Amino acid sequence: MKRKLLTAGMLALSFSATAQDLIYVGDASKFYVETGTLVYSGGNWVLDSNIEKTVENKGNIMIVGDYKKGTKANAASDGKEFVNVWTATNDYGQVQILSSKGITDALMTVQRPAAPTSYFGGSFPISFPFKDQVNYVMTAFGLPTTSFKGTCGIDVNCGPSRYDMTMHKWNNSKIQGDAVVSGANFKAGDYYFLNLRPAAGLQPYMTGVINYKGTPSPVAYASTGIASVIPSMTESAFSDLGYNDWKTKVNPYNEKYESYMGYVNSTNKYTGKNIYRFGNPYTSNLDLTAVDGINAWLRITNAGGNRTLKQATTDLLIKDFNITKRTPSYDVLWNPANGSTNVNADYYSAKFDGTNWVGNPEALYIRPLETFNLNFPLLDPTKLGSRIVHLDVNFTDFHKTFVYPAVVTDPIQIAPKNAVMAKTASVTHRSAQAVSAGNAANIALNSDGFYQAEVFLVKDNLVEAAPVYLVGTNYSDISANAAQSNNKLFLYGMNADGTANLQSQKSFSEFNSDTYIGKPLSLGLTGLTSGESYELRFNLYEGSIFTNVKDLTSGAFYIKDNKNNTVKQISADQSYNFTADSNAMAGRFDFYWKEVSVGGTGGTLATANSNTKGVTVIYKDGETRKVRFESIAPKANIQVYNMAGRLVDSMDNVSTSQDYTLRLSLNGVYLVRVSYANGDVRTVKTIY
């Protein structure tokens, strides 16, 4: 029989006179929250049951108060009584506990899939949103807490037995994985390694869905005064060393740094440094989008400063800061088509360019138990006073969210404090308290002139490499700084004359969407098997990386196959198939924005070899806006409307053989309607 959401009248609920203990759940009935539903409690939640799945949550629960156990024997003392169910990557139960006191003494379960077998023989990065003793992790695998292995002390050389211990924890300040001692408490938000080597004893139980249990830790997370320096050196001395100079030194556990930082030959003074790793402290998703203002979670504190990410980027202390999130196995939904592709790539990545986030929004929304890395690829050691970035990381209720990374739209409307509500609501929306606090103001959620294409390399329905990104904004310029990529797929940095710099291999190719029109953006491929079939697949974003679209409403990306001299417009529901003609293919593919030239120098769309539609373009020329027409009719009528819908200008029988200058006098947003003589009509938005 199909289960239905239980209303307040069907539940064992009790309301106190003071409305402090607002929801009381006993063992007389089940509290079931279905997918896509928000249950809001404006007061404390009391769980007075020792029966499995008394609360079964597949949706979202917001508790503005404390989460407490009742008086029954063993009430809420195992975690099995309140289960946040995992169904799929974007379908799982979440709980936000928004409490000024942060009181929690009842346990709950957070379900997650078992670690992929690729981690067997090594360790699995994970974060725990709990505050219990670390030994309690064993209950997730049906084992007694006494089976936890944690006899090796912190900074103690225990020899080979170190690799039998149940867990280790990353130390951001020492660039090492510290021992986790039996009896210690979890610190929610820290980055743990779950040992999946055979000797640790967990590997046989790492299968199916794992029921991680514990007492939620809803309080603010703070990790301050962080600076990554190996223990045997001062910051000044360490800052000046190249990787080859310190990689063979050993940490307090007698491990060479290169054994886990990488066996690479590098004299670079930045390699291996500033390795900052964290996890989600909460039982709901964590929102990392805020870059400025009072809710900025990351601050750069070098030289006595206290700069937000945006301030540090604006002041040129750092550049190209990015967040990566490990993805051992995930699915990509090809918007808007149904179906998915398993991904064989290490990380999602999102970069802050000083104005917008670019890249994959998945990196900015961290699910419960997930971890993430902070990366500082470019910095100014003179302004920072060091090659080591000093930072503070702070998370509060503001950063808790129910949102999934696919789309950011209108906020969920919630009931007033001290009320109970169960309603159907899209779980792809931001949580209401985050929006009301002004989080949307911290980033450009809808920036005119922002266009992004995410490019995947696919073989036999398996993504072969991390994606790359074409990013067009009205403030960026092309660059060709030297960089080396280890990815099968990369983008070449472009010189000012539109030629590719083969020594510049990047994940992001940024260009000016107003001026870099009809010029190539070159793709690099390596590690392919000659004669094998591959696909290039795409996701498109417009306005920001939080808005996925099938086709762009203004402008278009094109892919040109230089071997076949063919051009195709990029769409999110289509792929480009090709056969590899060599292991490494430099120069086979170029991307273009708005226009394509067969000769590669800009000008006209190569429609003869394309099944694409034409594109009418409005571009900025100095202080004016000009219309560039399609070659589909000799004449066109132009009408210009403001956002109130009022006609502000019109011109009939305009020749399409040359660009037309719009007659705009007031700043604002306009819709330009171009009616071609052959009957085709285009509507294009522009900002003046």
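Quick look at the values:
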{"read-out": "Some residue of the range 644-658 being over 13 Å from Arg625 (Cβ atoms), part of a strand (DSSP E or B) and without any contact (Cβ under 8 Å) to a residue 12 or more places away in the chain", "value": "yes"}
{"read-out": "Which numbered condition Lys269 fails, given (1) charged (D, E, K, R); (2) farther than 22 Å from Asp353 by Cβ; (3) free of Cβ contacts under 8 Å to residues at least 24 places away in the same chain", "value": "(3)"}
{"read-out": "Pairs, first assigned by the TED database to the domain that holds Thr396 and closer than 24 Å to Pro218 by Cβ in the range 188-202, second in a loop (DSSP other than H, G, I, E, B) and of a type in the set (Lys, Arg), C-beta under 9 Å, six or more apart", "value": "none"}
{"read-out": "Glu56 vs. criteria in a loop (DSSP other than H, G, I, E, B), at pLDDT 95 or above and surrounded by fewer than 23 Cβ atoms within 10 Å (Cβ to Cβ)", "value": "no"}
{"read-out": "Top-ranked residue in the range 519-574 [being in contact with a Pro (Cβ under 8 Å, 6 or more places away or on another chain) and over 17 Å from Gly359 (Cβ atoms); ranked as surrounded by the most Cβ atoms within 10 Å (Cβ to Cβ)]", "value": "Lys560"}
{"read-out": "Residue in the range 81-95 that is in contact with a helix residue (DSSP H, G or I) (Cβ under 8 Å, 6 or more places away or on another chain) and not acidic (Asp, Glu) present", "value": "no"}
{"read-out": "Residue match in the range 189-202 (condition: within 27 Å of Ile388 (Cβ to Cβ), under 23 Å from the mean Cα position of the chain (by Cα) and among the small types (Gly, Ala, Ser))", "value": "yes"}
{"read-out": "Options Ile226, Ile230, Ile210, Ile275; residue that is under 30 Å from Gly354 (Cα atoms), of a type in the set (Val, Ile, Thr) and either at pLDDT 95 or above or in contact with an Asp or Glu (Cβ under 7 Å, 6 or more places away or on another chain) (or both)", "value": "Ile226"}
{"read-out": "Criterion violated by Ala337 - all others in (1) touching a Ser or Thr at 6+ places or on another chain (Cβ under 8 Å); (2) over 27 Å from Pro231 (Cα atoms); (3) modelled with pLDDT under 95 satisfied", "value": "(1)"}
{"read-out": "Of residues in the range 303-334 being polar (S, T, N, Q) and at pLDDT 70 or above, the one nearest to Arg112 (Cα to Cα)", "value": "Thr327"}
{"read-out": "Restricting the range 119-151 to residues that are in contact (Cβ under 8 Å) with a residue 40 or more places away in the chain and over 22 Å from Pro368 (Cβ atoms), the residue that is surrounded by the fewest Cβ atoms within 10 Å (Cβ to Cβ)", "value": "Gly121"}
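Conditions (1) under 26 Å from Asn512 (Cβ atoms); (2) more than 29 Å from the chain's Cα centre (by Cα); (3) at pLDDT below 85, marked per residue:
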residue: Asn562; (1), (2), (3): yes, yes, no
residue: Thr579; (1), (2), (3): no, yes, no
residue: Tyr592; (1), (2), (3): yes, no, no
residue: Gly603; (1), (2), (3): yes, yes, yes
residue: Thr616; (1), (2), (3): yes, yes, yes
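The values are calculated or read from the model by the stated rules, or taken from the named source; none is laboratory data. Note that the coordinates shown come from a computational prediction; the quantities given were computed from them, not determined experimentally. Cβ coordinates were reconstructed from backbone atoms using ideal geometry, including for glycine residues, and neighbour counts include every protein chain displayed.
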